[in-house]
1. Conditions first: (1) crowded, with 19+ Cβ neighbours inside 10 Å; (2) outside any loop (DSSP other than H, G, I, E, B). Thr115 passes all but one, so which condition is the exception?
2. Residues that are modelled with pLDDT under 95, of a type in the set (D, E, K, R) and either in a strand (DSSP E or B) or open to solvent by 30 Å² or more (accessible area, probe 1.4 Å) (or both): does the range 98-107 have at least one?
3. Open to solvent by less than 20 Å² (accessible area, probe 1.4 Å) and over 25 Å from Lys184 (Cβ atoms): which single residue out of Val48, Val70, Val39 fits that description?
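The values are calculated or read from the model by the stated rules, or taken from the named source; none is laboratory data. Owing to the predicted nature of the structure, the values given are computational and were not obtained by experimental measurement. Cβ sites come from the backbone with ideal geometry, for glycine too, and all protein chains shown count toward neighbours. In case anyone asks, the SASA skips ligands and DNA or RNA and just uses the protein heavy atoms, side chains included. Shrake-Rupley method; radii C 1.70, N 1.55, O 1.52, S 1.80 Å.
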Amino acid sequence: MGGRFMLTRLLTGVAALVLVTGVFGAGTAKSGPQVGKEVPGPFHPLNVTGEEAGKKACLYCANGENPVAVVFARGVNPQVATLLKKLEEATEKNAEAKMGSFAVFCSDQQGLEQTLKDLAGKQGLKKLVLAIDNPAGPKDYEISKDAEVTVLLYNDFTVRANHAFKAGELNQKSIDAIVADVAKIVVPAK
């Protein structure tokens, strides 16, 4: 009887560890306004590409209540480049829904503007606008300092999906999940 009790406790402990690892193993950080919350509002990053390139302009304002994919990133890496390319494709595919997309790099890294121009050319980013803001990100957006990448998908100024990743956690599976969630903003919310 004692052996069976110990085995049950051991299996319960292993199950709890698997559950905790599964929850935290996903590695997502909490960052930005959460699903169901309103997007905080206008801010004016330096637009590196797009119609307002070279100026501080409000991309939130330019997109209005249309479906929008916005990425807040700390830097450029291959996973971020892949994500932006996929969101560019989704934006083109959903042009009829007037989908907009932009990426704001929250960094004061030297040479970032040129890096982003090069990225836009290399990835063929024509619809998705690249911009730069301060390392903290826009006021009231609560972009976590622990999040390397935060993705908000919203329409009617309401967040429909939020994906946030700590350094090194963004991968192909998570990029696919983000792109799949675009359906939440281009289809009328229920």
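1. The one condition Thr115 does not meet is (1).
2. Checked against the condition, which is being modelled with pLDDT under 95, of a type in the set (D, E, K, R) and either in a strand (DSSP E or B) or open to solvent by 30 Å² or more (accessible area, probe 1.4 Å) (or both), the range 98-107 yields no hits at all.
3. Exactly one of Val48, Val70, Val39 is open to solvent by less than 20 Å² (accessible area, probe 1.4 Å) and over 25 Å from Lys184 (Cβ atoms), namely Val48.
Let's see how each residue does on (1) modelled with pLDDT of 95 or more; (2) small (Gly, Ala, Ser); (3) buried (at least 21 other Cβ atoms within 10 Å of the Cβ):
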| residue | (1), (2), (3) |
| --- | --- |
| Val129 | yes, no, yes |
| Lys139 | no, no, no |
| Ala147 | yes, yes, yes |
| Lys166 | yes, no, no |
| Leu170 | yes, no, yes |
| Ile178 | yes, no, yes |
| Ala183 | yes, yes, no |
| Pro188 | no, no, no |
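Matching residues to (1) in contact with a Pro (Cβ under 7 Å, 6 or more places away or on another chain); (2) modelled with pLDDT of 95 or more; (3) under 14 Å from Ala131 (Cβ atoms); (4) outside any helix (DSSP H, G or I):
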{"position": "Leu19", "(1), (2), (3), (4)": "no, no, no, no"}
{"position": "Val23", "(1), (2), (3), (4)": "no, no, no, no"}
{"position": "Ser31", "(1), (2), (3), (4)": "no, yes, no, yes"}
{"position": "His44", "(1), (2), (3), (4)": "no, yes, yes, yes"}
{"position": "Asn66", "(1), (2), (3), (4)": "no, yes, no, yes"}
{"position": "Thr82", "(1), (2), (3), (4)": "no, yes, no, no"}
{"position": "Ala90", "(1), (2), (3), (4)": "no, yes, no, no"}
